[in-house]
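Q: Have a look at this one before I ask anything.
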Amino acid sequence: MRWNGTKDNQIGSPQSRGIPTWFIVPAKYQEAILQSGSITNDKLALVRGFFPQRANSMLAESDLHNQAIYRIRYEEANYFLTEYIRYSSQPCDCYFGMIAAFDAFLFCFVSIEEMVSATQRQSLNKSSIFKLLKAFRDVSTHHSILAAPTQLKFVRPFSRHTADGPYGSSARLKLDIGRCRDMLTAVAFDPKAGKGTLAEAENYLRSIEKTGRVDVFLDDILREGMAAVAAVLGL
């Protein structure tokens, strides 16, 4: 990346003898740059697609021998999150890839609770974002492919937003709170549905409404879920 300058300073930075040069963003700074607000929305997903997230989200073989099982499962969930983001933008824009990565993320993410201590599991299940994603996992397991465009029992709780930018298009799934609430109501009477899970998921929806947020995108929800789990596990 580089700063391309202004009308008063057209050289920008970095540069070498007046010739523009570029540098590779270190992995540890990528998320801070993405969250800085300096990248417009039409380019955000594109930039995510070009960051080398796949390699950064994988554990080396040597690491597998000294990591706790829950940590490996956490990294699996993180891998599928980066794949979901990668498939939502150029140059890898693929709706099927988004759907498959989302499903895989849900199964890895929620199963973390089966691999931690009783105290940590209790803490995870006090988190409304964890319960929302757990409800999504339950729906995906017993009822439908949640992100697919066609549903059998309810209207898909997401809309697909495509933004065209100078370097191509990007697509993100945006949460429709009303449809999500209708979906949770539709599955509430299923004996497989966890009533506590659905109630906590509803609490998360209410918290969004209280903030007045209009654009709530699925990738942001998944990142929030990962951050909540990391906080409980001390990662």
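Q: List every residue whose amide H lies under 5 Å from the amide H of PHE158, counting only residues 5 or more places away in sequence or on a different chain, with H placed 1.01 Å from N in the peptide plane.
A: For PHE158, whose amide H was placed from the backbone, the distant partners under 5 Å are ASP176.
Q: Report the local net charge at GLU209: Lys and Arg +1, Asp and Glu -1, summed over other residues whose C-beta lies under 13 Å from its C-beta. Could the numbers behind the result be given before it?
A: On the way: positive: ARG181, ARG206, LYS210, ARG213; negative: ASP176, GLU202.
Here the charged neighbours net out to +2.
Q: Would you list LYS174, LYS7, LYS134 from fewest to most Cβ contacts within 10 Å?
A: Starting with the residue having the fewest Cβ neighbours, the order is LYS7, LYS174, LYS134.
Q: A follow-up question, please. Kindly put ILE177, ILE33, ILE112 in sequence by how many other C-beta atoms sit within 10 Å of each C-beta, fewest to most.
A: If I rank by nearby Cβ atoms, fewest first, I get ILE33, ILE177, ILE112.
Q: Relative contact order, percent, of segment 65-118 when contacts are C-alpha pairs under 8 Å separated by at least 6 residues?
A: 43
Q: Right, next: What is the calculated FRET efficiency for LEU152 to ARG181, with r their C-beta to C-beta distance and R₀ = 22 Å, to the nearest 0.05?
A: Calculated transfer efficiency: 0.75.
Q: Continuing with this model, one more query. Through the Karplus equation 6.51 cos²θ - 1.76 cosθ + 1.60, θ set to phi - 60°, convert the phi angles of segment 129-134 into ³J(HN,Hα) values in whole Hz; use x for Gly and Pro.
A: Couplings: 5, 5, 5, 4, 5, 5 Hz.
Computed from the coordinates by the stated procedures, all read-outs in this text should not be read as laboratory data. Treat the numbers as computed from the prediction; the structure is a model and nothing was measured. Neighbour counts run over all protein chains shown; Cβ positions are idealised from the backbone, glycine included.
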